[in-house]
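This report refers to the structure that appears directly beneath it.
Quick note: the coordinates plus some simple rules give every number you see, no bench work behind them. From a predicted model like this one, the values you see are computed outputs, not experimental measurements. Because the Cβ atoms are built from the backbone with ideal geometry, glycine has one as well, and the counts that use them run over all protein chains shown.
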Amino acid sequence: MTWRDPSGRTLADYPHPSIAVDVALLTVTQDGRLAVLLHERNDHYETGRWALPGTFVRMDETLRDAALRALQEKVGETGQEPRQLRVFDAVDRDDRGRVMSVAHVDLVPPGRLEGTTGTLVPIDPTTRQPVLPDRQGGLSFDHDQIVEAAVEWAREAYQERPDPRHLIGEEFTLLELQRVHEAVLGRPWQKDTFRRHMVQHLDETGGLSRGTVGKPARLFRRQHGNPA
């Protein structure tokens, strides 16, 4: 039985916005830069422009399922579990009509993005915007704003705890840890200050680094129970 209001109309009879999802997958590249996974649009609207993987939500799927489908269809990426970031609902964000986007975000080790058909684009630490390969004005829709919000989410996570998204391995030196934090935060961190801030959340493994030039460094691991 279909529900109808006192005027005899169903929900489908009223104007309503379309719902989309857009996913900002972040990582730290081998050269120590925060980057976001983008693709060039080729679906008959804004063709050729850079954008985050995104799609409209189907009637029979959840937001999570739509986000995972967007990653698979747009950049060939599977196995991720992005979380909801926030809703972007500016009335004029899409020229095609009223579209609200539920943005999703994750920060993952670079090795988990191998084989993707998308492009990892470095993010300027000052503007918090992707440095696009062809230097065009910006991303499609309001994806620049989504990337900016994703960067802020990542930076907040890396203010207090050692590598909460596990961008480096389970065992690491303090220098390796500092480098990944500086990449995410987009700024240097004074060595002694960083050490004092993080060592309280670490345990020494008793081992030393190998294959490095100079004196081997002590290895640490995150204390059990540190949030991911």
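Side notes on the structure shown:
- Average Cα contact separation per residue, segment 174-222, under 8 Å, 6 or more apart, as relative contact order %: 32
- Residue-count net charge about ILE19 - beta-carbon cut-off 12 Å; Lys, Arg +1, Asp, Glu -1: -2
- Rel. contact order, % - alpha carbon contacts under 8 angstrom, at least six apart, segment 117-165: 23
- Alpha-carbon centroids, segment 2-23 and segment 119-191: separation in whole Å: 39
- For the peptides 47-60, 21-34, residues were scored by their other Cβ atoms within 10 Å and the scores averaged per peptide; the highest-first order is 21-34, 47-60.
- Within a Gaussian network of the chain (alpha carbon springs, distance under 10 Å), most fluctuating of ILE123, ILE19, ILE146: ILE19
- Residue among GLY97, GLY111, GLY206 with the largest mean-square fluctuation in a Gaussian network model of the chain, springs linking Cα atoms under 10 Å: GLY206
- Net dipole in debye of segment 149-215 [+1 Lys, Arg Cβ; -1 Asp, Glu Cβ; about Cα centre; nearest 20]: 260
- Chain lengthening between ASP134 and THR119 when straightened (0.36 nm per residue, less Cα-Cα): 4.1 nm
- Only helices enter the 222 nm calculation for the chain: every DSSP H run of n ≥ 4 contributes -39,500 (n - 2.57), and dividing by all residues gives -6500 deg cm²/dmol, rounded to 500.
- Label zone at VAL91 (point 7 Å along Cα-to-Cβ), backbone N below 18 Å, segment 136-175: 142
- Rounded to whole Hz, the Karplus (6.51, -1.76, 1.60) HN-Hα couplings of segment 78-84, x for glycine and proline: 10, x, 9, 9, x, 10, 5
- Relative contact order [Cα under 8 Å, 6+ residues apart], the chain, whole percent: 19
- Test item: Cα-centred dipole of the chain, Lys/Arg +1 and Asp/Glu -1 on Cβ, debye: 700
- In nm, spacing of pseudo-spin labels at GLN159 and LEU11 (7 Å Cα→C-beta vector): 3.7
- Helical segments meeting 20 Å axial Cα length and Kyte-Doolittle -0.5 threshold in the chain (DSSP H): 143-157
- Each peptide among 165-177, 4-16 gets the average number of other Cβ atoms lying within 10 Å of its residues, and from highest to lowest they stand as 165-177, 4-16.
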